[in-house]
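Accompanying notes for the structure given below.
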Amino acid sequence: MNTIPSVDLREFISDDPEQKAAFVAQLGGAFEEIGFVALSGHFLPESLVNQLYTEIKRFFDLPSEVKAQYEIPGIGGQRGYTSFGKEHAKGRKEGDLKEFWHFGQYVTGDSELASEYPDNVQVAELPEFNSVGKQAYQMLEKTAIYVLRALALHLDLEESYFDDFVINGNSILRPIHYPPITEEPKNAVRAAAHGDINLITLLMGAHGKGLQVQNHEGEWIDAIARPDQLMINVGDMLSRLSNNRLKSTIHRVVNPPREAWGSSRYSIPFFMHPVSSMPLNCLPNCIDAAHPKAFEDITAGAYLHERLVELGLVKNQE
Ligand SMILES: O=C(O)CCC(=O)C(=O)O
Ligand SMILES: [Fe+2]
């Protein structure tokens with residue numbers, strides 16, 4: 001497969017059972033094949049996308065000393081700012097050529113979870129930054145809940161199977177800035193090849209080319225969504241749960257050609273995570289003689305911790 005299929009969420013939300021079934025089949029097929037799909041008809045209005053890009057550009061333009069105040073020690077970069085070069089892909093030494101911000105969950109009605117998660121960090125210099133981030137977070141979360149409902153049907157589960165695991169879940173909205181490249185990078189790229197940790201990722205139309213996805217033949221293909229589409233991919237947690245039936249596809253962000261080194265790249269992924277108590281044990285109906293159980297049982301929280309250590313964001317004893 002050399003292209004990424006497009007689907008429209010309005011088909012799933014419609015009351016027409018045929019359209020709904022067609023959406024489930026298209027989405028499920030794409031996630032078994034290439035692991036990526038471009039989604040239109042979602043809940044994130046273009047005006048909000050534009051506002052969020054404006055706010056995050058203002059934030060990344062702040063002086064480094066100001067941004068550094070928002071880098072909070074001891075929370076593994078789970079909220080607030082993470083400075084340039086700090087995160088590296090699993091198995092690599094060189095940091096990625098990026099800085100980023102994390103908005104986390106806005107817990108309602110569950111005091112235990114509210115105290116489990118670090119607080120969101122308020123940017124004093126930018127009055128709109130936090131409220132725009134929160135609105136985008138909630139629209140992306142709503143979209144992701146519908147996508148997971150469709151996936152539940154594809155996996156022969158109850159449509160609401162994921163709801164209780166992801167409502168108030170540990171999801172993250174991550175605006176990323178890849179700054180202009182000023183000298184020949186030594187082995188480092190904007191984002192080295194990796195699979196995402198979480199259940200699914202919703203990526204807002206990245207400003208500028210660069211995202212590539214590896215197909216089954218090992219070829220790298222460009223993944224470019226239209227401005228009204230979200231690029232959605234399967235993460236490692238969903239691959240585990242489905243015993244590899246759904247593919248967490250390796251992707252990367254390559255450095256631009258030299259003549260484009262002078263420009264920044266921005267992108268905004270939303271990583272849909274469940275609550276940390278969700279078991280990621282392979283689903284019994286995804287295990288058979290041809291597909292023996294490929295993963296040990298683990299909870300989402302324990303798995304996330306393992307992965308954050310591998311990324312260099314958490315030290316082992318934290
Ligand atoms: O910047 C992009 O387009 C993708 C970033 C990405 O894959 C990630 O942060 O996991
Ligand atoms: Fe990614």
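Side notes on the structure shown:
- Scope segment 166-211; condition in a loop (DSSP other than H, G, I, E, B) and in contact with a Leu (Cβ under 6 Å, 6 or more places away or on another chain); matching residues: N168, A188, R190, L199
- Any hit, segment 179-191, residues being within 14 Å of the chain's Cα centre (by Cα) and more than 10 Å from ligand 2 (Cβ to nearest atom): no
- Residue count for segment 211-222, restricted to those that are at pLDDT below 90 and within 9 Å of ligand 1 (Cβ to nearest atom): 0
- Residues of segment 77-119 satisfying the condition of being within 28 Å of P179 (Cβ to Cβ), surrounded by fewer than 20 Cβ atoms within 10 Å (Cβ to Cβ) and among the polar types (S, T, N, Q): Q78, S83
- Scanning segment 213-228 for residues that are more than 11 Å from ligand 2 (Cβ to nearest atom) and either touching a helix residue (DSSP H, G or I) at 6+ places or on another chain (Cβ under 8 Å) or touching a residue at least 12 places away in the same chain (Cβ under 8 Å) (or both) gives Q214, N215, H216, E219, W220, I221, D222, I224, A225, R226, P227, D228.
- So L203, is it away from ligand 1 (no atom under 15 Å from the Cβ), touching a residue at least 12 places away in the same chain (Cβ under 8 Å) and either surrounded by 22 or more Cβ atoms within 10 Å (Cβ to Cβ) or over 28 Å from G169 (Cα atoms) (or both): no
- Filter pass, D196 being within 14 Å of ligand 1 (Cβ to nearest atom) and either under 13 Å from the mean Cα position of the chain (by Cα) or more than 20 Å from F36 (Cα to Cα) (or both): yes
- Helices (runs of 4 or more DSSP H) fully within segment 1-114 that include at least 3 residues being touching a helix residue (DSSP H, G or I) at 6+ places or on another chain (Cβ under 9 Å) and touching a residue at least 12 places away in the same chain (Cβ under 8 Å): 9-13, 17-33, 46-61.
The values are calculated or read from the model by the stated rules, or taken from the named source; none is laboratory data. As the structure is a computational prediction, the values presented were derived from the model and not from experiment. Here the Cβ is made from the backbone with ideal geometry for all residues, glycine too, and neighbour counts use every protein chain on show.
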